[in-house]
Amino acid sequence: QPLPMAQIGTEVADPAYFTGGICPAGRECRYSDSAFVMRRKGTKWKTGFIAHPKAPGSLVIDSGRPRFRITSETATPLVGDTVNKVGRTTGWSQGMVNSTCIDVNVSGTNLTLLCQDAVDATVDSGDSGSPVFGDPQGAKPDVSLFGVLWGGNAGGTQFIFSRLANIENELGALQTCDPAIGC
(Lines give C-alpha, C1' and ligand atoms only; values in the text may rest on other atoms or scores of the structure.)
Protein backbone atom coordinates (compact mmCIF):
# COMPACT_ATOMS: atom_id res chain seq x y z
CA GLN A 1 0.00 0.00 0.00
CA PRO A 2 1.57 3.27 -1.04
CA LEU A 3 2.02 6.06 1.48
CA PRO A 4 0.35 8.48 1.63
CA MET A 5 -2.66 6.19 1.32
CA ALA A 6 -4.08 6.05 -2.18
CA GLN A 7 -6.92 3.99 -3.59
CA ILE A 8 -5.43 0.94 -5.29
CA GLY A 9 -8.64 -0.85 -6.26
CA THR A 10 -12.31 -1.58 -5.71
CA GLU A 11 -13.70 -4.49 -3.71
CA VAL A 12 -15.68 -6.81 -5.98
CA ALA A 13 -16.16 -9.89 -3.76
CA ASP A 14 -16.45 -10.16 0.03
CA PRO A 15 -18.37 -13.26 1.10
CA ALA A 16 -21.08 -12.81 3.75
CA TYR A 17 -20.69 -14.09 7.30
CA PHE A 18 -22.98 -16.97 8.29
CA THR A 19 -24.71 -18.13 11.47
CA GLY A 20 -25.79 -21.55 12.70
CA GLY A 21 -24.20 -24.92 12.14
CA ILE A 22 -20.55 -24.90 13.22
CA CYS A 23 -20.74 -21.16 14.06
CA PRO A 24 -21.06 -20.59 17.85
CA ALA A 25 -24.42 -19.24 19.08
CA GLY A 26 -24.60 -15.44 18.96
CA ARG A 27 -21.63 -15.19 16.56
CA GLU A 28 -21.25 -14.62 12.82
CA CYS A 29 -18.61 -16.72 11.09
CA ARG A 30 -16.36 -17.05 8.06
CA TYR A 31 -13.35 -19.20 7.19
CA SER A 32 -11.19 -16.31 5.98
CA ASP A 33 -10.77 -12.59 6.37
CA SER A 34 -10.32 -11.97 2.68
CA ALA A 35 -11.89 -10.10 -0.18
CA PHE A 36 -11.19 -9.81 -3.88
CA VAL A 37 -10.16 -6.38 -5.16
CA MET A 38 -10.02 -5.33 -8.78
CA ARG A 39 -6.97 -3.12 -9.12
CA ARG A 40 -7.28 0.46 -10.22
CA LYS A 41 -5.85 1.24 -13.65
CA GLY A 42 -2.35 2.67 -13.34
CA THR A 43 -1.65 1.01 -9.99
CA LYS A 44 1.78 -0.64 -9.88
CA TRP A 45 1.13 -4.32 -9.44
CA LYS A 46 2.87 -7.52 -10.41
CA THR A 47 1.07 -10.84 -9.91
CA GLY A 48 3.18 -13.48 -8.19
CA PHE A 49 5.60 -11.20 -6.33
CA ILE A 50 5.99 -9.80 -2.80
CA ALA A 51 8.13 -6.83 -1.76
CA HIS A 52 11.53 -8.01 -0.45
CA PRO A 53 12.98 -5.96 2.43
CA LYS A 54 16.72 -6.14 3.13
CA ALA A 55 16.35 -8.43 6.17
CA PRO A 56 13.82 -9.57 8.76
CA GLY A 57 12.84 -6.55 10.85
CA SER A 58 13.36 -4.15 7.96
CA LEU A 59 10.94 -1.99 5.97
CA VAL A 60 13.64 -0.96 3.46
CA ILE A 61 13.33 -2.75 0.12
CA ASP A 62 16.47 -4.61 -1.02
CA SER A 63 17.51 -2.84 -4.24
CA GLY A 64 19.49 -5.90 -5.39
CA ARG A 65 16.56 -8.30 -4.89
CA PRO A 66 13.42 -6.15 -4.61
CA ARG A 67 10.87 -9.01 -4.79
CA PHE A 68 10.18 -12.49 -3.50
CA ARG A 69 8.73 -14.65 -6.29
CA ILE A 70 5.73 -16.85 -5.50
CA THR A 71 6.35 -20.21 -7.18
CA SER A 72 4.01 -22.46 -5.19
CA GLU A 73 1.13 -22.52 -2.74
CA THR A 74 0.86 -24.22 0.64
CA ALA A 75 -2.86 -24.67 1.31
CA THR A 76 -2.54 -25.98 4.87
CA PRO A 77 0.28 -25.02 7.27
CA LEU A 78 1.72 -27.32 9.93
CA VAL A 79 2.75 -26.51 13.50
CA GLY A 80 6.48 -25.81 13.37
CA ASP A 81 6.52 -24.40 9.82
CA THR A 82 8.62 -21.23 9.56
CA VAL A 83 6.64 -18.52 7.80
CA ASN A 84 7.20 -14.87 6.92
CA LYS A 85 5.12 -11.79 6.28
CA VAL A 86 5.90 -8.40 4.81
CA GLY A 87 3.67 -5.73 6.35
CA ARG A 88 3.21 -2.00 5.85
CA THR A 89 3.92 -1.22 9.52
CA THR A 90 6.48 -3.74 10.77
CA GLY A 91 8.04 -4.85 7.49
CA TRP A 92 9.47 -8.34 7.19
CA SER A 93 9.00 -10.63 10.17
CA GLN A 94 9.26 -14.38 10.48
CA GLY A 95 8.38 -17.00 13.04
CA MET A 96 7.01 -20.46 13.63
CA VAL A 97 3.41 -21.57 13.26
CA ASN A 98 2.36 -22.40 16.84
CA SER A 99 -1.33 -23.31 16.30
CA THR A 100 -3.30 -24.48 13.30
CA CYS A 101 -7.00 -24.51 12.46
CA ILE A 102 -8.11 -22.59 15.57
CA ASP A 103 -11.35 -20.61 15.86
CA VAL A 104 -10.61 -16.97 16.68
CA ASN A 105 -13.09 -14.39 17.98
CA VAL A 106 -12.37 -10.95 16.52
CA SER A 107 -11.89 -8.58 19.46
CA GLY A 108 -14.73 -6.12 20.08
CA THR A 109 -17.11 -7.82 17.61
CA ASN A 110 -19.44 -10.80 17.36
CA LEU A 111 -17.33 -12.22 14.50
CA THR A 112 -15.53 -15.56 14.63
CA LEU A 113 -13.03 -16.70 12.02
CA LEU A 114 -12.98 -20.48 11.84
CA CYS A 115 -9.88 -22.60 11.26
CA GLN A 116 -7.22 -19.87 11.42
CA ASP A 117 -3.48 -20.23 12.03
CA ALA A 118 -1.22 -18.46 14.57
CA VAL A 119 2.45 -17.51 14.25
CA ASP A 120 4.98 -16.26 16.83
CA ALA A 121 6.23 -13.17 14.96
CA THR A 122 6.09 -9.37 15.07
CA VAL A 123 2.91 -7.61 13.96
CA ASP A 124 1.23 -4.25 14.48
CA SER A 125 -1.76 -2.25 13.34
CA GLY A 126 -1.61 -1.70 9.57
CA ASP A 127 -0.08 -5.10 8.77
CA SER A 128 -3.50 -6.60 7.93
CA GLY A 129 -3.56 -7.98 4.42
CA SER A 130 0.12 -8.94 4.47
CA PRO A 131 1.01 -12.04 2.48
CA VAL A 132 2.17 -14.98 4.63
CA PHE A 133 4.76 -17.15 2.89
CA GLY A 134 7.38 -19.84 3.48
CA ASP A 135 11.11 -19.38 3.80
CA PRO A 136 12.84 -18.13 0.64
CA GLN A 137 14.45 -20.84 -1.50
CA GLY A 138 17.08 -20.37 -4.18
CA ALA A 139 18.73 -17.33 -5.70
CA LYS A 140 15.53 -15.64 -6.93
CA PRO A 141 14.38 -16.06 -3.94
CA ASP A 142 11.34 -18.25 -4.46
CA VAL A 143 8.58 -18.69 -1.86
CA SER A 144 5.38 -20.61 -1.26
CA LEU A 145 2.28 -18.57 -0.41
CA PHE A 146 0.48 -19.74 2.75
CA GLY A 147 -2.28 -17.13 3.17
CA VAL A 148 -3.11 -13.62 4.38
CA LEU A 149 -2.50 -12.02 7.78
CA TRP A 150 -5.50 -10.31 9.37
CA GLY A 151 -4.76 -9.77 13.08
CA GLY A 152 -2.48 -10.16 16.03
CA ASN A 153 -2.28 -10.14 19.80
CA ALA A 154 -2.15 -6.98 21.93
CA GLY A 155 1.59 -7.36 22.54
CA GLY A 156 2.43 -7.54 18.83
CA THR A 157 4.25 -10.86 19.24
CA GLN A 158 1.80 -13.17 17.45
CA PHE A 159 -0.13 -12.84 14.22
CA ILE A 160 -3.17 -14.71 12.93
CA PHE A 161 -3.69 -15.55 9.28
CA SER A 162 -6.26 -17.13 7.01
CA ARG A 163 -4.83 -20.11 5.18
CA LEU A 164 -4.90 -20.21 1.40
CA ALA A 165 -7.25 -23.23 1.32
CA ASN A 166 -9.92 -21.28 3.24
CA ILE A 167 -9.46 -18.16 1.12
CA GLU A 168 -9.91 -20.09 -2.11
CA ASN A 169 -12.90 -22.00 -0.68
CA GLU A 170 -14.64 -18.66 -0.14
CA LEU A 171 -13.38 -16.64 -3.14
CA GLY A 172 -12.66 -19.37 -5.69
CA ALA A 173 -9.35 -20.31 -7.29
CA LEU A 174 -6.85 -17.47 -7.38
CA GLN A 175 -3.78 -16.88 -9.54
CA THR A 176 -1.07 -16.25 -6.95
CA CYS A 177 2.13 -17.45 -8.60
CA ASP A 178 4.40 -15.72 -11.08
CA PRO A 179 2.46 -16.13 -14.37
CA ALA A 180 5.72 -16.98 -16.17
CA ILE A 181 5.92 -20.28 -14.29
CA GLY A 182 2.45 -20.83 -12.79
CA CYS A 183 1.74 -23.02 -9.76
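The values are calculated or read from the model by the stated rules, or taken from the named source; none is laboratory data. In this text the structure is predicted, and so the values were computed from the model without any measurement. Glycine gets a Cβ as well: all are built from the backbone with ideal geometry, and neighbour counts include every protein chain shown. We work out accessible area using only protein heavy atoms, side chains counted, and drop any ligands, DNA or RNA first. Shrake-Rupley method; radii C 1.70, N 1.55, O 1.52, S 1.80 Å.
Of the conditions (1) assigned to a strand (DSSP E or B); (2) open to solvent by less than 10 Å² (accessible area, probe 1.4 Å), Ile167 fails just one. Which one is it?
(1)
When the stretch 121-158 is examined, which residues are found to be surrounded by 16 or more Cβ atoms within 10 Å (Cβ to Cβ), over 12 Å from the mean Cα position of the chain (by Cα) and among the charged types (D, E, K, R)?
Asp142
For the stretch 80-100, enumerate the residues that are loosely packed, with under 14 Cβ neighbours inside 10 Å and in contact (Cβ under 8 Å) with a residue 40 or more places away in the chain.
If the condition is that a residue be loosely packed, with under 14 Cβ neighbours inside 10 Å and in contact (Cβ under 8 Å) with a residue 40 or more places away in the chain, then Thr82 is the only one that fits.
So Asp62 fits all but one of (1) surrounded by 14 or more Cβ atoms within 10 Å (Cβ to Cβ); (2) under 22 Å from Phe146 (Cα atoms); (3) not polar (S, T, N, Q); what number is the exception?
Single failed check for Asp62: (2).
Against the definition (in a strand (DSSP E or B) and either in contact with a Lys or Arg (Cβ under 9 Å, 6 or more places away or on another chain) or modelled with pLDDT under 95 (or both)), how does Thr71 come out, yes or no?
It is true that Thr71 is in a strand (DSSP E or B) and either in contact with a Lys or Arg (Cβ under 9 Å, 6 or more places away or on another chain) or modelled with pLDDT under 95 (or both).
Quick one: in the stretch 1-37, which of the residues that are open to solvent by 80 Å² or more (accessible area, probe 1.4 Å) and modelled with pLDDT of 95 or more is farthest from Phe146 (Cα to Cα)?
Filtering the stretch 1-37 for residues that are open to solvent by 80 Å² or more (accessible area, probe 1.4 Å) and modelled with pLDDT of 95 or more, the one farthest from Phe146 (Cα to Cα) comes out as Ala25.
Name, by its number, the condition in (1) within 16 Å of the chain's Cα centre (by Cα); (2) at pLDDT 95 or above; (3) open to solvent by less than 30 Å² (accessible area, probe 1.4 Å) that does not hold for Gly48.
Here Gly48 meets the rest and fails (2).
Within the stretch 97-117, work out how many residues are in contact with a Gly (Cβ under 9 Å, 6 or more places away or on another chain) and over 23 Å from Ala16 (Cα atoms). Even if it seems obvious, please write down each step before you answer.
The first filter runs over the stretch 97-117 and keeps only residues in contact with a Gly (Cβ under 9 Å, 6 or more places away or on another chain), leaving 97-98, 104, 106-107, 110, 113, 116-117.
Filter once more, so that each one left must be over 23 Å from Ala16 (Cα atoms): 97-98.
Of the residues in the stretch 97-117, 2 are in contact with a Gly (Cβ under 9 Å, 6 or more places away or on another chain) and over 23 Å from Ala16 (Cα atoms).
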